1. Could you grab me the full set of residues in the stretch 138-169 that are out of contact with any Lys or Arg (no Cβ under 7 Å at 6 or more places or on another chain), farther than 23 Å from Val73 by Cα, assigned to a helix (DSSP H, G or I) and touching a residue at least 40 places away in the same chain (Cβ under 8 Å)?
2. Restricting to the stretch 222-239, and then to whatever is hydrophobic (A, V, I, L, M, F, W, C) and in contact with a helix residue (DSSP H, G or I) (Cβ under 7 Å, 6 or more places away or on another chain), can you tell me which residue is surrounded by the most Cβ atoms within 10 Å (Cβ to Cβ)?
3. Taking the stated definitions as given, is Phe174 within 16 Å of the ligand (Cβ to nearest atom) and either in contact (Cβ under 8 Å) with a residue 12 or more places away in the chain or not in a helix (DSSP H, G or I) (or both)?
4. Ser244 passes all but one of (1) hydroxyl-bearing (Ser, Thr, Tyr); (2) touching a residue at least 40 places away in the same chain (Cβ under 8 Å); (3) surrounded by fewer than 19 Cβ atoms within 10 Å (Cβ to Cβ); which number fails?
5. Of the residues that sit in the stretch 89-104 and are touching a residue at least 60 places away in the same chain (Cβ under 8 Å) and either within 15 Å of the ligand (Cβ to nearest atom) or among the basic types (Lys, Arg) (or both), which one is nearest to Asp125 (Cα to Cα)?
6. Residue under question is Ser91, and the condition is that it be modelled with pLDDT under 95 and within 26 Å of Arg243 (Cβ to Cβ); does it hold?
Amino acid sequence: MDNPSRRNFLKDLGLGTATFSVAAERAQGGQLPGAPPSADLAPRASSPSSIMAIAAHPGDAFFAMGAAVALQVHLGGQGVFLSLSLGERGSAKIAPAEYGSLQQQSAERAAHTLGARAEFRNYPDGEIPESDEVKLQVCDLIRENKADVIVTHWSGSWHKDHKACYQIVNDAVFYAGLPALARQQPAHAVKRVFFAENWEDANGFAADTYLDITPVFDRWLEACAAFPMWRGETGFRYNDYYRSLAIARGCLNGSQYAIALMSPPEQLVRHVHAL
Ligand SMILES: [Zn+2]
């Protein structure tokens, strides 16, 4: 892969446009006893950026990725939640058509709470196609929203829709940055991609970036509570899991609450003049 947008993409990665900090850059806690010295030192954001959470299902977008979006909006950026399906087959008690509509309403309410927008592509839950048609639709949305930062699924998932979403986003980011790929909107190079920590995508997930979400923690919980499944109604205790995870990650980050993210390997490459 060698094209101008790809080169720009790689160059941009060194600019540290986001407020995300690399693992060792602890907000307040300083270096932990016995831990190796901080490795890096990505500068703080100089301007608000546009962020998109792109998930297979609305619950993933808000529970695993929502706090990152909430923080960017809090800092003056723009946030979009894109769900590739409505997660309509997620209830054993409510028929898919009705449950899908409830999921959509919950997502719209949650996005409103966070000052963000919710977008949907209604592919069938469990059957999200990993096709060029879908990748180009996501490419178009990335271009339309001029997304600087994207948070999405990690590939190490047992859920086929999550794995498909990972691949769709990877290729959509590539398409979005290709000037020679003519679509309605001009090409747009995404600066950073992060994979969210998700209980269903735990295989091989290795956190390298910690984000202090303390300023938006309460609002994020309020947004998640728009979903009945947040309270465990579909069998998994999302509320307990993600709230506790934010506390545990906060301990490692030296902040009250945090989320952990994973980067694509090329995003961690640094170019330095001295060691
Ligand atoms: Zn899911």
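The values are calculated or read from the model by the stated rules, or taken from the named source; none is laboratory data. Quantities reported herein were computed from a predicted structural model and do not represent experimental measurements. Here the Cβ is made from the backbone with ideal geometry for all residues, glycine too, and neighbour counts use every protein chain on show.
1. Answer for the stretch 138-169, where residues must be out of contact with any Lys or Arg (no Cβ under 7 Å at 6 or more places or on another chain), farther than 23 Å from Val73 by Cα, assigned to a helix (DSSP H, G or I) and touching a residue at least 40 places away in the same chain (Cβ under 8 Å): Asp161, His162, Ala164, Cys165.
2. The first filter runs over the stretch 222-239 and keeps only residues hydrophobic (A, V, I, L, M, F, W, C), leaving 223-227, 229-230, 236.
After this cut, where a residue has to be in contact with a helix residue (DSSP H, G or I) (Cβ under 7 Å, 6 or more places away or on another chain) as well, the list is 223-224, 226-227, 229-230.
On the way: Ala223: 28, Cys224: 24, Ala226: 18, Phe227: 25, Met229: 23, Trp230: 24.
Restricting to residues being hydrophobic (A, V, I, L, M, F, W, C) and in contact with a helix residue (DSSP H, G or I) (Cβ under 7 Å, 6 or more places away or on another chain), the top hit is Ala223.
3. On the way: within 16 Å of the ligand (Cβ to nearest atom): no; either in contact (Cβ under 8 Å) with a residue 12 or more places away in the chain or not in a helix (DSSP H, G or I) (or both): yes.
Spelling it out, it is not the case that Phe174 is within 16 Å of the ligand (Cβ to nearest atom) and either in contact (Cβ under 8 Å) with a residue 12 or more places away in the chain or not in a helix (DSSP H, G or I) (or both).
4. Of everything listed in (1) hydroxyl-bearing (Ser, Thr, Tyr); (2) touching a residue at least 40 places away in the same chain (Cβ under 8 Å); (3) surrounded by fewer than 19 Cβ atoms within 10 Å (Cβ to Cβ), Ser244 misses just condition (2).
5. First, pick out the residues of the stretch 89-104 that are touching a residue at least 60 places away in the same chain (Cβ under 8 Å): 90-92, 102-103.
When the remaining residues are screened for being either within 15 Å of the ligand (Cβ to nearest atom) or among the basic types (Lys, Arg) (or both), the result is 90-91, 103.
On the way: Gly90: 8, Ser91: 11, Gln103: 12 Å.
For the stretch 89-104, the residue satisfying everything is Gly90.
6. Working: modelled with pLDDT under 95: yes; within 26 Å of Arg243 (Cβ to Cβ): yes.
Yes: the conditions hold for Ser91.
Yes/no matrix, rows are residues, columns are (1) part of a helix (DSSP H, G or I); (2) within 16 Å of Asn198 (Cα to Cα):
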site: Ile51; (1), (2): no, no
site: Val69; (1), (2): yes, yes
site: Leu82; (1), (2): no, no
site: Tyr99; (1), (2): yes, no
site: Arg109; (1), (2): yes, no
site: His112; (1), (2): yes, no
site: Asp125; (1), (2): no, no
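For every residue, the table says whether it meets (1) under 27 Å from Lys163 (Cβ atoms); (2) touching a strand residue (DSSP E or B) at 6+ places or on another chain (Cβ under 6 Å); (3) at pLDDT 95 or above; (4) more than 16 Å from the ligand (Cβ to nearest atom).
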position	(1), (2), (3), (4)
Gln28	no, no, no, yes
Asp40	no, yes, no, yes
Arg44	no, no, no, yes
Ala67	yes, yes, yes, yes
Thr113	no, no, yes, yes
